Amino acid sequence: MPSVEPDLTTDVARWLISDAGLDAITQADADLQAGRSELQVVTARRRDGLDAPQAAAAVGAAQARGRARARWPDADRLVFTRTGLEQASDPTVSAWRARRFEACAAVEDRAAGCGGDTLALAATSGHVTAVDLDEGRLVLLAHNAAVRELSVTTVVADALQRPAPSDGPVHVDPGRRAGGRRVRRLADHRPSVPALVDHLRDVAARAGLAIVLGPAVDPEDGDLPPGAELEFVQVGGQLVEAVAWTGALRDAASHRTATILPAPTATDSPAAADAPTPVTRSRGPRGPRLPVGPVGDLLVEVAPAAVRARLHDELGAEIGARRLSTRRALLTVDGDLATSPWWRARRVETVLPAGARAIRRWLRGADDRPVELVLHGVAVEPSAFLRELGRPRTGPGGRRIELVRGDEGAFAVITAPPGR
């Protein structure tokens, strides 16, 4: 029995978007929703007369459709492979990125994949040329664009071999995996980021280049486009990506930008319930540097996107905060603090030595709220440390034991939600 999601050949992709293929996806989707196993559904499609590649492709597309429904409102009209959907950006993030292309008559989306970004770009700009080496995925992309009545042309080509466009910007979301592993070096992306920057240097300087990167990218990495604005994007409490913007696409006054997009399902994040619409802020090449001081009334964690954009000191200066360490973006303030999508504050109950004995003694005299162990630069094994504490009741929403690596050694801050 073939595995679901084999390599998608061009012939199978063309069949998949035919009436027969679309019917097979719909039938497979209904069977999966009815609780049948993947093997049962593939077997059923074979009994319907499909060959092995067609049956596997139909079931893979049905699985992708089921997963896409949570993210794509028109998922039942679109066709994705399971792997292609997993690699696609969240539609909310793609739409946010596409806003910078609104005034563009033509855009190239290189390494387009299954086309999630292409669809968002085509919904805001005049026309998109989607470029990828995988013709099968481009067949599905063209189908999805037609379903949405979007102006998209597909081109089978290597992103590093196709000549630079004479006008219009280029968007690229390079692959960040090789051999099943996530790669860190920008040169190991597919296509290579420094090679892209060199190949498209004239476009990058004028119409603009947008390169989607992992959120862990080093802002000082020498392989980034020179002079680029680096935007870090967070959805709810999760940091999801960074984007290097150049040329006409970048904000000329911005060196680093942080963006928080709302996530309705996020419940324990700096953005939860506080950011019903996207919020964004930027800074220039330099910002303020907060002093280090003692723990105050509140412990303040800045939103991850703002930390990566090096905005935590600037935000802290606005609220009268100080750092707890020169090496950590953990802040503290005296008095109360208004809620904001840019930070999460917790009330400080006490400050203790970092050893388990002192914390265990304090917990014995406290009420029996659940506890969480949070590490800020302190290397301990959480389960072993909790055993040393006498295995207190654990769980979210209660008290936190925050172990902090300060400039002069580690210490523990016991915190609770602001209202407790």
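Annotations for the structure displayed:
- Heavy-atom surface of the chain, accessible at 1.4 Å and reported per residue (Å²): 46
- Among LEU50, LEU261, LEU230, the residue with the largest mean-square fluctuation in a Gaussian network model of the chain, with springs joining Cα atoms closer than 10 Å, is LEU50.
- SER192 contributes an accessible area of around 20 Å² to the protein surface, as traced by a 1.4 Å probe with all chains present.
- Our note on the geometry: Cα centres of the range 369-420 and the range 110-147, 47 Å apart.
- Percent accessible area from carbon and sulfur atoms, the chain, protein chains only, probe 1.4 Å: 48
- In the set (1) 145; (2) 157; (3) 165, the label that goes with volume of the Cα convex hull per residue in Å³ computed for this structure is (3).
- Evaluated at q = 0.25, 0.27 Å⁻¹, a Debye calculation over the C-alpha positions of the range 175-253 (equal weights, vacuum) places log10 I(q)/I(0) at -1.23, -1.34.
- Peptides 406-413, 285-292 ordered by average Cβ neighbours within 10 Å, highest first: 406-413, 285-292
- Averaging the Cα positions of each part gives two centres, and for the range 305-325 and the range 182-257 these lie 23 Å apart.
- Using bins of 5 Å that start at zero, the share of Cα-Cα pairs per bin across the range 310-420 amounts to 2, 11, 22, 23, 19, 13, 8, 2, 0, in whole %.
- Which of SER151, CYS114, ILE211, positive extreme of dipole for the chain (C-beta unit charges): ILE211
- Taken about its Cα centre, the range 317-420 carries a charge dipole of about 300 debye when Lys and Arg each add +1 at the Cβ and Asp and Glu each add -1 at the Cβ.
- The relative contact order of the range 306-360 comes to 20 percent, based on Cα pairs under 8 Å that sit 6 or more residues apart.
- Only Lys, Arg, Asp and Glu carry charge here, each on its Cβ (+1 for the first two, -1 for the last two); on that basis the chain has a dipole of about 1560 debye about its Cα centre.
- With DNA, RNA and ligands ignored, accessible area of THR153 (1.4 Å probe; Å², nearest 10): 60
- Normalised by the number of residues in the chain, the average gap of Cα pairs under 8 Å and 6 or more apart makes the relative contact order 8 percent.
- Leading residue at positive end of dipole, the range 279-420 (Cβ point charges), from ALA338, THR415, ALA384: ALA384
- Positive-pole candidate from THR26, LEU8, ALA321, dipole of the chain, charges at beta carbon: ALA321
- Percent of Cα-Cα distances greater than 26 Å, calculated over the range 151-301: 38
- Most to least packed among 12-25, 200-213, 297-310, 344-357 [average Cβ atoms within 10 Å]: 297-310, 200-213, 12-25, 344-357
The values are calculated or read from the model by the stated rules, or taken from the named source; none is laboratory data. Since we're looking at a predicted model, the values are computed, not measured. Note: ideal-geometry Cβ built from the backbone for every residue, glycine included; neighbour counts use all protein chains shown. For accessibility, only protein heavy atoms count, side chains too; no ligands or nucleic acids. Shrake-Rupley method; radii C 1.70, N 1.55, O 1.52, S 1.80 Å.
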